[in-house]
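The values are calculated or read from the model by the stated rules, or taken from the named source; none is laboratory data. Every value quoted in this text rests on a predicted model; they were computed, and no experiment measured them. Ideal geometry is used to build each Cβ from the backbone, glycine not excepted, and the neighbour counts take in all protein chains shown.
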Amino acid sequence: MAKIGILALQGDFYRHSLAVRRLEHEAVLVKDEAALKKCDKLIIPGGESTTFLHLMEKLNLRQPLLEFGREKAIMGTCAGLITLSKSAGHLPFPPLGLIDITVERNAYGRQVDSFVDTIRLNVNGTERPYEGVFIRAPKIAALGSDVRPLAWHKDDVVMAASENILVATFHPELTDDLRIHAYFIEQVG
Amino acid sequence: MLDKTFLVKVGLAEMLKGGVIMDVTNAEQAKIAEDAGAVAVMALERIPADIRADGGVARMSNPKMIKEIMDTVSIPVMAKCRIGHFAEAQVLQAIGVDFIDESEVLTPADEKNHIWKHDFKVPFVCGCRDLGEALRRIAEGAAMIRTKGEAGSGNIVEAVRHMRAVQTEIKRIQTLRDDELMSYAKNLGAPLELVQYVKENGKLPVPNFSAGGIATPADAALMMQLGAETNFVGSGIFKSEDPAARAKAIVLATTHYDDPDMVARASEGLGEAMPGLEMSAIPEEEQLNKRGW
């Protein structure tokens with residue numbers, strides 16, 4: 001049983017903790033460095049990326065998160081993806097830059113443009129359908145050479161990973177399908 | 001009950017959890033709110049304390065002002081329509097606001113009916129004083145509930161009353177036998193299937209936020225400990241002496257609501273809070289929380 005931290009400054013961290021517990025791992029809500037240090041892996045949830053970055057500065061969490069991400073695995077969904085990226089527009093502080101992707105925020109439009117649609121997920125050599133929930137979602141505008149695409153919606157890459165960082169523009173935590181959480185916990189990093 | 005449209009609506013409400021949604025009246029205030037770490041802003045022409053002082057009919061805000069705010073910040077923008085005024089809601093959806101608050105803070109347009117919110121693509125938040133009212137609004141399609149409190153009062157007492165009422169009724173339902181639920185639903189004035197959901201899950205089917213009267217970081221921490229999943233702060237920020245500092249402090253206290261040392265540090269050196277009103281100083285017919293049915 002692994003200790004999976006979920007950054008709980010703001011956002012839908014509770015939904016991620018349910019997914020982690022359903023997979024019979026321990027979910028640890030992380031609001032400070034002490035809790036972070038106890039974790040084997042970390043999830044940065046959906047929420048508001050501007051709020052995350054403000055609170056990370058205020059609570060001195062940037063450096064501990066950077067150190068964690070250099071050694072251990074992190075998954076980021078939606079705002080979590082933005083937080084882990086190399087660059088994204090209109091943020092109060094630079095994102096963490098732990099994965100070489102460039103992000104366009106709110107790329108599909110506003111909430112009226114949010115949607116659920118089937119995406120193509122390929123984590124173990126075969127493409128499978130997966131219901132992707134996209135809420136005011138970002139798009140990955142560019143991927144670095146060490147980043148592998150893992151899922152597509154139409155022509156857009158919606159999930160990708162480097163050696164130990166996994167990011168998705170959609171919300172696997174809002175569905176009951178645990179495949180992506182299981183992949184992260186068992187195979188990333 | 002979560003079809004795809006409703007899943008997407010509730011999904012945005014899930015993303016706003018653990019945060020602070022701030023009332024703003026112009027682009028400059030919206031920027032202050034975003035820079036303080038707000039998860040969303042509520043765009044309205046007059047904050048509740050001023051609506052209360054000015055009197056007269058309070059309506060949906062000017063679309064031009066709402067659009068200016070939407071162009072200024074990257075966080076979600078909410079706006080209010082009058083209870084039952086579905087044409088105002090249609091306008092807000094056409095502008096592209098991210099969430100509509102069918103709000104008792106504005107003068108009600110319909111004394112009997114609320115909006116049938118399933119007809120809209122934009123999610124709605126509605127106020128409640130108790131569980132029956134919450135479940136009626138959810139049945140009409142609300143994707144988020146906020147306990148009402150008393151907007152513009154700077155007094156937390158009504159917010160506490162409404163949050164406790166909802167939580168107590170949820171606990172009560174969990175103690176009932178299945179054959180007692182129909183009668184309980186009848187008395188609550190709520191659909192049976194939603195009462196059954198509450199019994200099975202011990203919570204509302206949509207996120208439950210708090211509003212109306214939060215003026216200090218400790219108020220925010222209190223509401224989170226009583227079961228709120230996010231705080232709406234209206235007059236409490238921009239009616240205080242130093243709005244930017246107070247906004248940041250309330251954000252910090254909402255995240256660390258269970259850490260009194262952190263709430264204490266957030267509370268230091270903030271200048272004066274908004275003055276606030278005793279409930280006994282607000283005549284019953286002027287209490288905003290009594291609106292809605």
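Residues in the range B:156-165: is at least one surrounded by 13 or more Cβ atoms within 10 Å (Cβ to Cβ) and basic (K, R)?
Yes.
List the pairs whose first member sits in the range A:156-173 and is among the charged types (D, E, K, R), whose second member is part of a strand (DSSP E or B), and whose Cβ atoms are under 8 Å apart, counting only residues at least 6 apart or on separate chains?
A:D156/A:K139; A:D156/A:I140; A:E173/A:T77
In the range B:1-52, which residues are acidic (D, E) and either more than 19 Å from B:I237 (Cα to Cα) or facing another protein chain (nearest Cβ under 10 Å) (or both)?
Correct list: B:D3, B:E14, B:E34, B:D35.
Can you give me the number of residues within the range B:220-242 that are in a helix (DSSP H, G or I) and either surrounded by 23 or more Cβ atoms within 10 Å (Cβ to Cβ) or touching a strand residue (DSSP E or B) at 6+ places or on another chain (Cβ under 8 Å) (or both)?
Residues that pass the stated criteria total 8.
For the range B:144-159, enumerate the residues that are out of contact with any strand residue (DSSP E or B) (no Cβ under 9 Å at 6 or more places or on another chain) and part of a helix (DSSP H, G or I).
Matches in the range B:144-159: B:V157 only.
Looking only at the range A:23-78, count every residue that is within 14 Å of another protein chain (Cβ to nearest Cβ), among the acidic types (D, E) and over 25 Å from A:R136 (Cα atoms) and tell me the total.
Here the count works out to 2.
Restricting attention to the range B:1-51, report how many residues are crowded, with 22+ Cβ neighbours inside 10 Å and not in a helix (DSSP H, G or I).
19
Which condition number in (1) within 25 Å of B:P207 (Cβ to Cβ); (2) modelled with pLDDT of 95 or more is the one that B:A245 fails?
(1)
Being among the aliphatic types (A, V, I, L, M) and in a strand (DSSP E or B) is the filter here, so list the residues in the range A:144-181 that pass it.
Scanning the range A:144-181 gives A:L150, A:A151, A:V157, A:V158, A:M159, A:A160, A:A161, A:I165, A:L166, A:V167, A:A168.
What residue, among those in the range A:102-134 that are more than 11 Å from every other protein chain (Cβ to nearest Cβ) and not in a strand (DSSP E or B), is farthest from A:L166 (Cα to Cα)?
Looking at residues that are more than 11 Å from every other protein chain (Cβ to nearest Cβ) and not in a strand (DSSP E or B), I get A:Y108.
Tell me the residue from B:G189, B:G212, B:G202, B:G149 that is among the small types (G, A, S), surrounded by fewer than 24 Cβ atoms within 10 Å (Cβ to Cβ) and within 23 Å of B:D101 (Cβ to Cβ), please.
B:G189
A:E186: under 24 Å from A:D40 (Cβ atoms) and surrounded by fewer than 22 Cβ atoms within 10 Å (Cβ to Cβ), yes or no?
yes
Would you call B:D71 more than 12 Å from chain A (Cβ to nearest Cβ) and more than 16 Å from B:A244 (Cβ to Cβ)?
no
Taking the conditions exactly as written (buried (at least 24 other Cβ atoms within 10 Å of the Cβ), in contact with a Gly (Cβ under 6 Å, 6 or more places away or on another chain) and more than 11 Å from chain B (Cβ to nearest Cβ)), does A:I4 satisfy them or not?
For A:I4, the condition - buried (at least 24 other Cβ atoms within 10 Å of the Cβ), in contact with a Gly (Cβ under 6 Å, 6 or more places away or on another chain) and more than 11 Å from chain B (Cβ to nearest Cβ) - is not met.
Being of a type in the set (D, E, K, R), without any contact (Cβ under 8 Å) to a residue 40 or more places away in the chain and in contact with a helix residue (DSSP H, G or I) (Cβ under 6 Å, 6 or more places away or on another chain) narrows it down to one of B:R265, B:R246, so name that one.
None of the other options fit; the residue is B:R246.
Got a sec? Which helices (runs of 4 or more DSSP H) wholly within the range A:1-84 have at least 2 residues that are under 16 Å from the mean Cα position of the chain (by Cα) and of a type in the set (S, T, N, Q)?
So the answer is A:49-58.
Residues being assigned to a loop (DSSP other than H, G, I, E, B) and within 22 Å of A:E33 (Cα to Cα): count how many of those fall in the range B:247-281.
Qualifying residue count for the region: 4.
In this structure, is B:K248 charged (D, E, K, R) and under 30 Å from B:V10 (Cα atoms)?
It is true that B:K248 is charged (D, E, K, R) and under 30 Å from B:V10 (Cα atoms).
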